[in-house]
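This report refers to the structure that appears directly beneath it.
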Amino acid sequence: MQLTLRTPEQVVYEGPASVITGVSELGAFQLYPGHTAMTTTLSFAPIEIRHGSSVDTYYVRQGVLNTDPFTNQTHLLAVSCEQAGDADISSLKEYRDFVLAQLDNQANLNDYQVTFLQESASSINAMISHIEQ
């Protein structure tokens, strides 16, 4: 199957994938070529992409995954995505602290912004925990 993994800023991965493994908000999944149509959301998920003899792992935050069995394509659109080896824990902790500081001053935030920041903090904490293991 063909996989496109992208953020608002860039295409992170575009190419073949023999297996895509990850965890959505509904549970763990493995996608193979010809997988049935599926759309799911991800808060934070390590995504493993197998292609040939290679395996790449990415940390995806706040994304939507969609498979199309008719075109054999999978699209994963995410707010942010980093290859596992590129994840910088100190910058993640700084960003988490920034998000938490914004949450401490909710007077200037609407409900959507509060929810978004709470989900961001949760996702960042999950990413930090996963990297520190």
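Can you tell me which residue among L92, L65, L42 is in contact with a Leu (Cβ under 9 Å, 6 or more places away or on another chain), free of Cβ contacts under 8 Å to residues at least 40 places away in the same chain and of a type in the set (A, V, I, L, M)?
The conditions single out L42.
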If a residue has to be in contact (Cβ under 8 Å) with a residue 24 or more places away in the chain and surrounded by 13 or more Cβ atoms within 10 Å (Cβ to Cβ) to count, how many in the stretch 95-133 make the cut?
15
All but one of (1) modelled with pLDDT of 85 or more; (2) touching a helix residue (DSSP H, G or I) at 6+ places or on another chain (Cβ under 7 Å) hold for N125, so report the exception by its number.
(1)
Residue by residue through the stretch 1-48, note down the ones that are over 13 Å from C81 (Cα atoms) and either touching a Gly at 6+ places or on another chain (Cβ under 6 Å) or among the hydrophobic types (A, V, I, L, M, F, W, C) (or both).
M1, L3, A17, V19, I20, V23, L26, A28, F29, L31, A37, M38
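The values are calculated or read from the model by the stated rules, or taken from the named source; none is laboratory data. Computed from a prediction, not measured in an experiment: that's the story for all the values here. Neighbour counts are summed over all protein chains in view; Cβ atoms, including those assigned to glycine, are modelled from backbone coordinates with ideal geometry.
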